[in-house]
Amino acid sequence: MNIILTNPRGFCAGVKRAILIVENALKVYKKTIYIRHELVHNQYVINTLRQKGVVFVEKIEQIPDYSVVIFSAHGVSKKVVQEAVKKKLIILDATCPLVEKVHIEVSKSSEKAIETILIGHRGHPEVEGTIGQYNNKNGKIYLVDSIEDVHNLSVQNSKKLNFFTQTTLSITNTKKIIAALKNKFPEISGPNKEDICYATTNRQIAVRQLSKIADIIFVIGSNNSSNSNRLAELGKETGTFTKLISSFLDIKKKWLKNVNYIGITAGASAPEILVTEVIQYLRKIGAHKPIEMIGVREKKIFKIPKKLLNIKTILDENG
Ligand code: 0CJ
Ligand code: F3S
């Protein structure tokens, strides 16, 4: 059995930044750190932070006044920010800057009361946060999740219409939805490509390449991770037997019967330790040393908020 590792895989710049924000906050604030929603959708990351004393909540009302709150990488609505301000919370925003970019565009659309369409998955926190940037009663924001949704959608003024997308969608599926939107509303405006981020794009390209070699693909990621699910979906679409696994414990030996090449990738919120554990397990049951696939080299780094950087500098200076 041979192991092939995709590149890139695992943590993206937005996730690294979010975790760094929490780690700095833990050093700096001598009180409980609350995080609204899972910082990133990975159970290993969440459990690790919980062990360090972080408290996760779904609603701002669960947090005592004057506490420190961190917003998850998926972003929050304007209403959530207002609730936090009202409670006089110290806010540290771990929203990925690429989500923030979409927020800014949707806000502009809202200010101009331009009807806006968001392509995204219903109920996902990023979608809730992005929809929650639109607060103009003279306009409207609509969510479409499929081509069927596009067919069923009616707007008031199709001549003045904007669209945006969630950052972690399937590239091919989103292209189809955008084509359907442009077909139905020829004057619609949107981003040049879509708002799918570089990390989602690169990981999907890598899985497509991997599927040409692998007999089985393991996507390491949690069940609620949109980008990880899209990778697993893509693997299946190529006809390769693909499983989304949260750790090596999910692997069933029967899947590996007559398998020569085992492909491994990891979602943007899955830490490398989980990949290492899968490799260790497979090596134990007879796999050769892993081979790294050549892929795009990601150099993106997102800075953490100045507020934390400054304190970090002071802490470093004082040892
Ligand atoms: O939405 C994001 C800003 C991506 C965050 C990293 O991935 P994950 O798994 O926490 O979130 P998704 O469910 O959005 O992929
Ligand atoms: Fe940001 Fe994309 Fe990662 S939106 S958090 S860089 S998956």
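Out of the residues in segment 73-95 that are touching a Lys or Arg at 6+ places or on another chain (Cβ under 9 Å) and either closer than 24 Å to PHE163 by Cα or at pLDDT below 95 (or both), which is nearest to ligand 1 (Cβ to nearest atom)?
ALA73
Name the pairs whose Cβ atoms lie under 8 Å apart, with the first residue in segment 294-310 and more than 12 Å from ALA13 (Cα to Cα), the second surrounded by 14 or more Cβ atoms within 10 Å (Cβ to Cβ) and of a type in the set (Asp, Glu), and 6 or more positions between them or separate chains?
PRO305/ASP93
Every residue, every condition in (1) in contact with a helix residue (DSSP H, G or I) (Cβ under 8 Å, 6 or more places away or on another chain); (2) more than 22 Å from THR167 (Cα to Cα), yes or no:
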{"residue": "MET1", "(1), (2)": "yes, yes"}
{"residue": "ILE21", "(1), (2)": "yes, no"}
{"residue": "HIS37", "(1), (2)": "yes, no"}
{"residue": "ILE46", "(1), (2)": "no, no"}
{"residue": "GLN51", "(1), (2)": "no, yes"}
{"residue": "VAL55", "(1), (2)": "no, yes"}
{"residue": "LYS59", "(1), (2)": "no, yes"}
{"residue": "PRO64", "(1), (2)": "no, yes"}
{"residue": "VAL69", "(1), (2)": "yes, yes"}
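Pairs under 9 Å by beta carbon, first residue free of Cβ contacts under 8 Å to residues at least 24 places away in the same chain in segment 251-280, partner not in a loop (DSSP other than H, G, I, E, B), six or more apart or different chains?
Note: pairs meeting the criteria are LYS252/LYS243.
Kindly state which helices (runs of 4 or more DSSP H) lie completely within segment 96-171 and contain at least 3 residues that are within 15 Å of ligand 1 (Cβ to nearest atom), touching a residue at least 40 places away in the same chain (Cβ under 8 Å) and crowded, with 21+ Cβ neighbours inside 10 Å. Walk me through it before giving the result.
Numbers: elements: 97-111, 125-131, 147-152.
Correct list: 97-111, 125-131.
Looking at segment 1-20, which of its residues are away from ligand 2 (no atom under 12 Å from the Cβ) and under 14 Å from LEU92 (Cα atoms)?
Once the filter is applied, which keeps residues that are away from ligand 2 (no atom under 12 Å from the Cβ) and under 14 Å from LEU92 (Cα atoms), segment 1-20 yields only LEU20.
Please enumerate the residues belonging to segment 1-15 that are near ligand 1 (Cβ under 10 Å from one of its atoms) and either of a type outside the set (Gly, Ala, Ser) or open to solvent by 10 Å² or more (accessible area, probe 1.4 Å) (or both). Can you show your working first?
Applying the first criterion (near ligand 1 (Cβ under 10 Å from one of its atoms)) to segment 1-15 yields 11-12, 14-15.
Answer for segment 1-15, where residues must be near ligand 1 (Cβ under 10 Å from one of its atoms) and either of a type outside the set (Gly, Ala, Ser) or open to solvent by 10 Å² or more (accessible area, probe 1.4 Å) (or both): PHE11, CYS12, VAL15.
With respect to ARG203, determine if the residue is of a type in the set (Lys, Arg), loosely packed, with under 15 Cβ neighbours inside 10 Å and closer than 29 Å to PHE71 by Cα. I'd like the intermediate steps shown before the answer.
Working: of a type in the set (Lys, Arg): yes; loosely packed, with under 15 Cβ neighbours inside 10 Å: no; closer than 29 Å to PHE71 by Cα: yes.
No.
If SER226 meets every condition in (1) more than 14 Å from the chain's Cα centre (by Cα); (2) buried (at least 24 other Cβ atoms within 10 Å of the Cβ); (3) among the polar types (S, T, N, Q) apart from one, which number is that one?
Against the list (1) more than 14 Å from the chain's Cα centre (by Cα); (2) buried (at least 24 other Cβ atoms within 10 Å of the Cβ); (3) among the polar types (S, T, N, Q), SER226 comes up short only on (1).
Within segment 175-195, can you find the residues that are touching a strand residue (DSSP E or B) at 6+ places or on another chain (Cβ under 6 Å) and either part of a strand (DSSP E or B) or within 30 Å of GLY10 (Cβ to Cβ) (or both)?
ILE177, SER189, GLY190, GLU194, ASP195
The values are calculated or read from the model by the stated rules, or taken from the named source; none is laboratory data. Only a predicted model underlies this, so the values are computations on that prediction, with no experimental measurement involved. Methodologically, a virtual Cβ is constructed for each residue, glycine included, from the backbone with ideal geometry; neighbour enumeration extends over all protein chains shown. Each accessible area value is taken on the protein alone, full model and side chains, heavy atoms only, with ligands, DNA and RNA left out. Shrake-Rupley method; radii C 1.70, N 1.55, O 1.52, S 1.80 Å.
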